[in-house]
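Input: a single structure, listed below in structure tokens.
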There are 4 protein chains.
Amino acid sequence: MTPPLAPSWSVSQWFNAGPDLGLASLRGRPVFLHAFQMLCPGCVQHAVPQSLKVAAAFADTDLAVIGLHTVFEHHGVMGPDALQVFLHENRIGYPVGVDAYRDDDPSTHPLPLTMQAYAMQGTPTLCLIDRRGRLRARHFGLLDDLALGAQIGALLAEPA
Amino acid sequence: MTPPLAPSWSVSQWFNAGPDLGLASLRGRPVFLHAFQMLCPGCVQHAVPQSLKVAAAFADTDLAVIGLHTVFEHHGVMGPDALQVFLHENRIGYPVGVDAYRDDDPSTHPLPLTMQAYAMQGTPTLCLIDRRGRLRARHFGLLDDLALGAQIGALLAEPA
Amino acid sequence: MTPPLAPSWSVSQWFNAGPDLGLASLRGRPVFLHAFQMLCPGCVQHAVPQSLKVAAAFADTDLAVIGLHTVFEHHGVMGPDALQVFLHENRIGYPVGVDAYRDDDPSTHPLPLTMQAYAMQGTPTLCLIDRRGRLRARHFGLLDDLALGAQIGALLAEPA
Amino acid sequence: MTPPLAPSWSVSQWFNAGPDLGLASLRGRPVFLHAFQMLCPGCVQHAVPQSLKVAAAFADTDLAVIGLHTVFEHHGVMGPDALQVFLHENRIGYPVGVDAYRDDDPSTHPLPLTMQAYAMQGTPTLCLIDRRGRLRARHFGLLDDLALGAQIGALLAEPA
């Protein structure tokens, strides 16, 4: 069974990155993509600290750590201005994209586009994409460090 | 040395409580007051979960668990509408007050009034008030469960 | 309801204490008694570290922290010589007694005497004894730091 | 730089395995070897629980999880009879070998042979051996789950 190519990302705004960041620009590197909402307790208490830990632990590898702010509820209080404070307060230095809405209008289309394209069930969700751009894993909820490490280690070990 | 009376609270809005909640109305009960900001990582990752645990562990005692939203920075993204979502998402059921500003204007007076009255240095801050309304402890930062439990247990053991 | 007096201890050997240590000698102080077996995983992984933490957290109070080695199985490999190594390796500095057997013979009387007198169900077991020598709590298994702290804090707050 | 072949093991007695277990019999599989002493607190509180977690997390892979009891001190109270109780109480089901002594005599040669062959500095020590029998990692002390998972995942991903 061949894993499918990971869908491209629809991002209305990047933090900690230029506007051209996208899956295509990361081809050749394994990608750790973590989707979150800044007011989701499981994200803030577990997934975000784990992602920061991943970024530190694999800093000397070519793993790309990318955050995606997939707001599907309470849009009014989780806009880019609030996200910017969140990123600052949590000392998040890796690129974080704001998942885009159809017609840029969450009031009529509350579910963001990348979240839909990846068929995410909620937040937090982790995705692992291999060096060839294929979606190798998608986990909704929390994942143990040992299991996560094993999956990242396997992707890093694959030839480019 | 006699501990000082705890200053009264200046609250512009209560969640999970009626408008008349105040220190005077709690006289006779020990009070666990935890001051936080909803986008402060130490608050969200440690102090808020600990406060929820305190509320559960002492539910069958007369300890009053009270939250105080002492926003002293990034006021624009931590207003009452955002706090309401935060309380809902974190399933916080105990009373939480919004610390008030002089002239109701954080843009000119960014430090809220209760925070000033208690000389708090930042968030999270825990305060313990005894049955007689005296301020018995004020801790800035994180406090170990064992030490916190001991202080609460001692206050509960004091006669009314 | 008046709590019963705590039964006296039957100890064949003390470590970190002279031979005269006993409940009577501790009257006036609250006592944290933790019964354990050195090869019981729940004891070694949780109860012993928690007891060390209790000893450190309440070092400036008059709480007496006492360990009791209540071996009721595998006696051959948990004798005093093995216990001595265990105490050394775990840097346990508070007094630890070896629970005694009837006729000093665990082969015919495997259940030690103090364990029986306190009706302990297994290890780890925590007991709290107040300043007046009364048994106020007996917990089989693990106890949360917050709840344990509250009970110790309450005992410490009681007048001598 | 080519990693060296892992030294063979000198084991006087196996638990949970037949007498013929050895590195040669595991060729083709990655090996997680954890050296411990049953009365070493860091082993019992961290390394042994982590090894049990590794065994469970990778149960559906061909990773071989092997324990090695490398007793270099207090030999009298950490003999095979005590180890057997330890393995039973901790529900350790993977193979565990007793590291052998020169002339079978720890009183004259306290440092066991495999420990010497691997130049281990103490306990706990983790070793990772790849499918080709090469020693790829040796860690003295505790290792984070994320980092450990990554190393195991990488070894598993290598072709046989």
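Rounded to the nearest 20, the size of the Cβ-charge dipole of the protein assembly as shown about its Cα centre is 0 debye, with Lys and Arg at +1 and Asp and Glu at -1. On the accessible surface of the protein assembly as shown, probed at 1.4 Å, how many percent belong to carbon and sulfur atoms? Ligands and nucleic acids excluded, carbon and sulfur reach 52 percent.
Please figure out what share of the DSSP beta bridges in the range C:1-149 is antiparallel and state it in percent, rounded to the nearest 5. Rounded to the nearest five, the antiparallel share is 60 percent. Annotation for residue A:20, label-to-label distances across the other copies: 6.2, 6.6, 8.5 nm (shortest first, one decimal, point 7 Å from Cα along Cα→Cβ). Among the protein heavy atoms, those of residue B:25 account for about 70 Å² of accessible surface (1.4 Å probe, every chain in place). Relative contact order of the range D:1-76: 35 percent, from C-alpha pairs under 8 Å at least 6 residues apart in sequence.
Counting only alpha carbon atoms, the long axis of helix A:48-57 and the longest principal axis of chain A meet at about 30°. Solvent-accessible surface of the protein assembly as shown, averaged per residue with a 1.4 angstrom probe and all protein chains in place: 43 square angstrom.
For the listed peptides B:38-46, C:58-66, B:70-78, a ranking on the average number of other beta carbons within 10 Å per residue, highest first, reads B:38-46, B:70-78, C:58-66. Take C:138-145, D:30-37 and order them by the average number of nearby Cβ atoms within 10 Å per residue, most first; the result is D:30-37, C:138-145. Listed by chain and number, the lysines whose alpha-carbon sits under 25 Å from that of residue A:53, ignoring those within fewer than 8 places in the same chain, are D:53. For the range B:55-105, a crude dipole built from +1 on the beta carbon of Lys and Arg and -1 on the beta carbon of Asp and Glu, taken about the Cα centre, is about 180 debye to the nearest 20.
Electrostatic tally near residue C:146: other residues with Cβ closer than 10 Å to its Cβ, Lys and Arg +1, Asp and Glu -1, net -3.
Peptide D:88-95 shows a mean partner chain C-beta count of 2 within 10 Å per residue C-beta.
Once C-alpha pairs closer than 8 Å and six or more residues apart are averaged by separation and normalised to the residue number of the range D:1-144, the relative contact order reads 38 percent.
With contributions of -39500 (n - 2.57) from each DSSP H run of at least four residues, the per-residue ellipticity at 222 nm computed over chain B stands at -7000 deg cm²/dmol. For residue D:29, neighbours were defined as the other residues whose beta-carbon sits under 9 Å from its Cβ, and their charges (Lys and Arg +1, Asp and Glu -1) total +1. Distance from the alpha carbon centroid of the range A:7-56 to that of the range D:29-77 works out to 35 angstrom. Each copy carries a label point for residue D:60 at 7 Å from Cα along the beta-carbon vector; from one copy to the others these points are 3.4, 4.2, 5.4 nm apart, nearest first.
Secondary structure note: in the protein assembly as shown, about 60% of the DSSP beta bridges are antiparallel. Remark: mean inter-chain Cβ contacts per residue of C:139-149 equal 5, using a 10 Å Cβ-Cβ cutoff to other protein chain atoms.
Quick check: the distance between the Cα centres of the range B:102-136 and the range D:79-113, to the nearest angstrom? Here the answer is 60 Å between Cα centres. Angle of helix A:145-157 to the longest C-alpha principal axis of chain A, folded into 0 to 90 degrees and rounded to 10: 60°. Each Cα pair under 8 Å and six or more residues apart adds its separation to the average, and for the range D:65-160 the resulting relative contact order is 22 percent. Which FRET efficiency value, to the nearest 0.05, is calculated for residue B:62 and residue D:105 with the Förster distance at 45 angstrom and r the Cβ-Cβ distance? The formula returns an efficiency of 0.10 here. Taking every residue in A:47-57 and counting other chain Cβ atoms within 10 Å of its Cβ, the average works out to 2.
The values are calculated or read from the model by the stated rules, or taken from the named source; none is laboratory data. Predicted model, so just to flag it, every value in this text is computed and none were measured. We place every Cβ from the backbone using ideal geometry, glycine too, and count neighbours over all the protein chains shown. SASA here: full protein model, heavy atoms, side chains in, ligands and nucleic acids out. Shrake-Rupley method; radii C 1.70, N 1.55, O 1.52, S 1.80 Å.
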